[in-house]
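A.B. asks: The structure is given below, and queries will be raised subsequently.
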Amino acid sequence: HKRLFAWAIDAILVIIYYIVAMNIFSDILSGFHGDDNGQDAWAIFLLILLPVSLYTLVTEITMHGQTLGKKLLGVRIVNETGGSATLSQYTLRWMLRSSDLLVVLILLAFLSRDPGFISYVLNALLFTFCLLLADIICIIATKKSQRLGDMAAGTLLIETRSKSNLNETIFIETGEGY
């Protein structure tokens, strides 16, 4: 459940960024007067999407296996031996992350007005939803609760907060001959 709540926090942050960025984009677009057939506008739009697309990868690399949502919920990504994950492991996890793609595709479908593009996005959404469903099944069915990206990269999601307290470690009753 912490993985899901961390994802929800991150998705909310991405959506807030996207709303703010699109408001700025629309202000910039209203000042455009050119004969470039919208190519400059698409370039700016893609630049706005770049932080959304790279959010998970960049934050996990720079925050030692955590996004803002994971940090708030006290979980992080490590390799299967318990050490810090490598850059290639983070990248492989990110490339197989269907939930990030799902958020981006939903935003694109919501904002698009071109019927052909909406059809393309809806097909991509169906494929991404199937990947998300596979991830959920893997998390439920695997012993280590890993999604597809974690299994491929050899990473685990662990809790960073200890469930024990000082009394459980120092003040333990021991036998006479201990």
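A.B. asks: For the stretch 40-64, give me the residue count where each residue is in contact with a helix residue (DSSP H, G or I) (Cβ under 8 Å, 6 or more places away or on another chain) and outside any helix (DSSP H, G or I).
C.D. replies: Going through the stretch 40-64 one residue at a time, the tally reaches 1.
A.B. asks: Could you count how many residues in the stretch 53-83 are over 12 Å from LEU156 (Cβ atoms) and open to solvent by 30 Å² or more (accessible area, probe 1.4 Å)?
C.D. replies: 12
A.B. asks: Same structure again: If you go through the stretch 89-100 one residue at a time, how many are modelled with pLDDT of 65 or more, open to solvent by less than 80 Å² (accessible area, probe 1.4 Å) and outside any loop (DSSP other than H, G, I, E, B)?
C.D. replies: The total comes to 7.
A.B. asks: Oh, and also: Starting from the stretch 65-84, take each residue that is polar (S, T, N, Q) and list its partners that are assigned to a loop (DSSP other than H, G, I, E, B) and open to solvent by 20 Å² or more (accessible area, probe 1.4 Å), counting only C-beta distances under 9 angstrom and pairs at least six apart or across chains.
C.D. replies: Going by the 9 Å Cβ cut-off, the qualifying pairs are GLN66/THR160; ASN79/THR86; SER84/HIS64.
A.B. asks: While we're on this one: Find the residue count for the stretch 1-39, including only residues that are among the charged types (D, E, K, R), part of a loop (DSSP other than H, G, I, E, B) and either open to solvent by 90 Å² or more (accessible area, probe 1.4 Å) or at pLDDT 75 or above (or both).
C.D. replies: Initial filter on the stretch 1-39 (among the charged types (D, E, K, R)): 2-3, 10, 27, 35-36.
Imposing the further condition that a residue be part of a loop (DSSP other than H, G, I, E, B) reduces the set to 35-36.
Keeping just the survivors that are either open to solvent by 90 Å² or more (accessible area, probe 1.4 Å) or at pLDDT 75 or above (or both) gives 35.
Adding up the residues that qualify gives 1.
A.B. asks: Which residues, taken from the stretch 137-178, are modelled with pLDDT under 85 and assigned to a helix (DSSP H, G or I)?
C.D. replies: Restricting attention to the stretch 137-178, the residues satisfying the condition of being modelled with pLDDT under 85 are 161-178.
Answer for the stretch 137-178, where residues must be modelled with pLDDT under 85 and assigned to a helix (DSSP H, G or I): LEU166, ASN167, GLU168, THR169.
The values are calculated or read from the model by the stated rules, or taken from the named source; none is laboratory data. Note that the structure is a prediction, hence the values are computed from the model and not measured. Because the Cβ atoms are built from the backbone with ideal geometry, glycine has one as well, and the counts that use them run over all protein chains shown. Ligands, DNA and RNA are stripped out before the accessible areas are found, and what is left, the full protein with its side chains, is counted by its heavy atoms. Shrake-Rupley method; radii C 1.70, N 1.55, O 1.52, S 1.80 Å.
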